[in-house]
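Asker: Structure in structure tokens, see below.
No lab work stands behind these numbers, since they all come straight from the coordinates. Computed from a predicted model, the values in this text were never measured in an experiment. So basically every Cβ, Gly included, is an ideal-geometry build from the backbone, and we count neighbours across all protein chains shown.
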Amino acid sequence: MNSPVDDLLKLPGITVERYSQVEGCIFFELKINDAQVNCYRCQQSSQELHRQTILLVRDLPAFGQPVYLRVPRRQFYCRHCQRYFTEKLDFITWRHKQTKRYEEQIYQRVLYSNIEQVGREEQLSPEIVESIFKSTSNQVKKKDWSRVERLSIDEVSKRKGHKNFVTVVSDIDSSSLMEVIDSHKQKDIIEALKQQPIDLREQVREVSVDMWAGFRKVVIEVFPNAAVVIDRFHVMKLVNERLNKIRRLAKVTTKGSRYLLLKNHQDLTESEQAALELILNQSACLRIAYEMKEEFRDIYETCQSVESGKHRMSQWLVHAQVFYGKVTRTIRSHLSEICNDFISHTTSAVMEGINNKIKLIMRLGYGITNFENLRSRLLGCFP
Ligand SMILES: [Zn+2]
């Protein structure tokens with residue numbers, strides 16, 4: 001049976017033999033329960049312990065004090081290979097002097113702070129913190145593409161209001177960021193995404209993009225079996241921008257009017273609905289344009305098939321033409337791809353969530369000029 005200390009330590013197959021406190025640090029002396037170990041070359045088990053030394057390994061702090069584990073480093077003899085081998089432990093990366101969980105914690109803290117500060121707080125040299133950060137981020141950067149079927153490709157400006165973009169690629173089904181590319185040029189994006197083997201790229205059946213033609217060429221080139229979907233998020237953004245312009249043209253400048261007009265009507269509180277009513281009373285044009293926006297949103301909310309979506313959108317385009325001029329022309333020229341959104345219909349909220357999180361991380365990381373650091377930080381902040 002486990003002792004209470006074993007339970008606290010949460011290292012399976014390990015027993016704490018004793019612990020001590022020396023100069024403000026806690027030391028645990030560990031014993032490995034299993035007497036036999038599989039040879040890593042031939043997988044045959046061996047009980048022939050040849051030599052045992054002690055490795056001092058840093059672990060997560062406890063009660064505000066640094067924790068060190070005294071871990072047996074066992075060398076066995078394998079009769080099958082006729083060679084010695086050293087046991088590898090799950091909770092420590094080979095040749096590292098910290099547990100994996102401690103390294104993971106250091107990595108996360110550096111993401112939201114910086115190497116020098118974490119080093120000071122943990123009494124580790126900046127060199128050690130940096131090497132932990134690098135080795136962990138190399139593991140994090142290896143994203144698992146094996147189950148990716150639906151992707152979104154989007155661009156995010158590095159700094160608010162700047163035309164300096166990175167391209168972000170996300171897995172819609174797992175809401176995870178898969179890749180960040182330091183460019184929004186077609187050729188660079190294609191090159192970066194082609195790093196993934198073709199059999200994984202062939203599994204992708206849907207890619208959501210905005211209306212920029214460059215992304216469409218990327219999809220055709222990189223994901224041969226994928227349908228291009230222009231997602232609702234970007235189409236709604238166009239409609240909303242136009243509605244806001246109509247508001248300005250109608251000289252409606254009431255405080256909060258932009259917010260109230262763009263927010264989904266069904267999400268408005270009673271007092272917000274009353275405030276909106278006062279705003280719409282100021283301009284008949286604005287009222288019509290607002291109702292058209294809500295009708296457009298309703299198409300997305302209620303249509304369940306590509307056919308019905310296409311039908312209602314075509315009707316909308318006809319009577320919205322006067323108010324939404326250029327926007328209706330853009331939508332019309334991409335209508336099939338926009339209506340592909342009705343196939344699975346779940347993209348928009350996910351995309352919005354991912355985009356907001358990316359923007360937040362970019363703001364937190366303000367001043368990160370090195371792209372590799374920014375990329376590590378972004379990829380590391382998503383599961
Ligand atoms: Zn062997």
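Asker: What is the spread of the Cα atoms of the range 19-178 along each of their three principal axes, largest first, in whole Å?
Answerer: Reported extents, whole Å, longest axis first: 64, 44, 24.
Asker: Further question: Nearest 10 degrees, 0 to 90: what angle lies between the long axis of helix 347-364 and the longest principal axis of the chain (Cα atoms)?
Answerer: In the chain, helix 347-364 runs at an angle near 60 degrees to the longest axis.
Asker: Sum -39500 (n - 2.57) across every DSSP H segment of at least 4 residues in the chain, then divide by the residue count to get the 222 nm mean residue ellipticity, nearest 500.
Answerer: Calculated at 222 nm, the ellipticity per residue is -15000 deg cm²/dmol.
Asker: Relative contact order for the range 1-139: what percent, with Cα pairs under 8 Å and sequence separation of 6 or more?
Answerer: 16 percent
Asker: With θ taken as phi - 60° and the coefficients 6.51, -1.76 and 1.60, list the Karplus ³J(HN,Hα) couplings across the range 102-114 in order, rounded to whole Hz; mark glycine and proline as x.
Answerer: Going residue by residue, I get 5, 5, 4, 5, 4, 4, 4, 5, 5, 3, 9, 9, 7 Hz, with x marking Gly and Pro.
Asker: Counting Lys +1, Arg +1, Asp -1, Glu -1, what net charge surrounds GLU48 among other residues with beta carbon under 13 Å of its beta carbon?
Answerer: +3
Asker: Tell me the GluC sites (Glu not before Pro) within the range 1-71 that lie in a loop according to DSSP and have at most 13 other beta-carbon atoms within 10 Å.
Answerer: GLU23, GLU48
Asker: Next question. Cross-link partners among aspartates and glutamates for LYS263, C-alpha distance below 17 Å, same-chain residues fewer than 8 apart left out?
Answerer: GLU241, GLU272, GLU277, GLU291, GLU294, GLU295, ASP298, GLU301, GLU352
Asker: Quick one: 3J(HN,Hα) in Hz for the range 215-225, Karplus 6.51/-1.76/1.60 with θ = phi - 60°, rounded, Gly and Pro as x.
Answerer: Those phi angles translate into 5, 5, 5, 4, 4, 4, 6, 9, 10, x, 9 Hz.
Asker: Taking the beta-carbon count within 10 Å as an exposure proxy, list GLU122, GLU291 from fewest neighbours to most.
Answerer: The fewest-first ordering by Cβ neighbours comes to GLU291, GLU122.
Asker: By its C-alpha gyration tensor, with a ≥ b ≥ c as the square roots of the eigenvalues, how is the range 118-171 shaped: rounded for a/c under 1.5, else prolate for a/b larger than b/c, else oblate?
Answerer: Oblate is the answer for the range 118-171, as a/c is 1.5 or above yet b/c matches or exceeds a/b.
Asker: Apply the a/c threshold of 1.5 to the C-alpha gyration tensor of the range 171-261 and tell me whether it is rounded, prolate or oblate.
Answerer: Prolate, since a/c reaches 1.5 and a/b exceeds b/c.
Asker: Moving on. What translational D, rounded to a whole number of µm²/s, comes out for the range 232-344 from Stokes-Einstein when the hydrodynamic radius is the Kirkwood one over Cα pairs, at 4 °C and 1.567 mPa s?
Answerer: The diffusion coefficient I find is 89 µm²/s.
Asker: Send over the semi-axes of the range 1-92's equivalent ellipsoid, whole angstrom and largest first, taken as the square roots of 5 times the C-alpha gyration tensor eigenvalues.
Answerer: They are 29, 13, 10 Å, listed from largest to smallest.
Asker: Sequence neighbours fewer than 8 away in the same chain don't count; with that in mind, list the lysines whose C-alpha is under 26 Å from LYS143.
Answerer: Straight-distance partners of LYS143: LYS88, LYS97, LYS100, LYS134, LYS158, LYS185, LYS187, LYS194, LYS217, LYS357, LYS359.
Asker: Where Rh denotes the Kirkwood radius from the mean inverse Cα pair distance, what is Rg over Rh for the chain?
Answerer: 1.12
Asker: Label points 7 Å out from Cα along the Cβ direction at HIS311 and GLU221: separation in nm?
Answerer: Result: 4.0 nm between the two label points.
Asker: If contacts are Cα pairs under 8 angstrom and at least 6 residues apart, what is the relative contact order of the chain in percent?
Answerer: 11 percent
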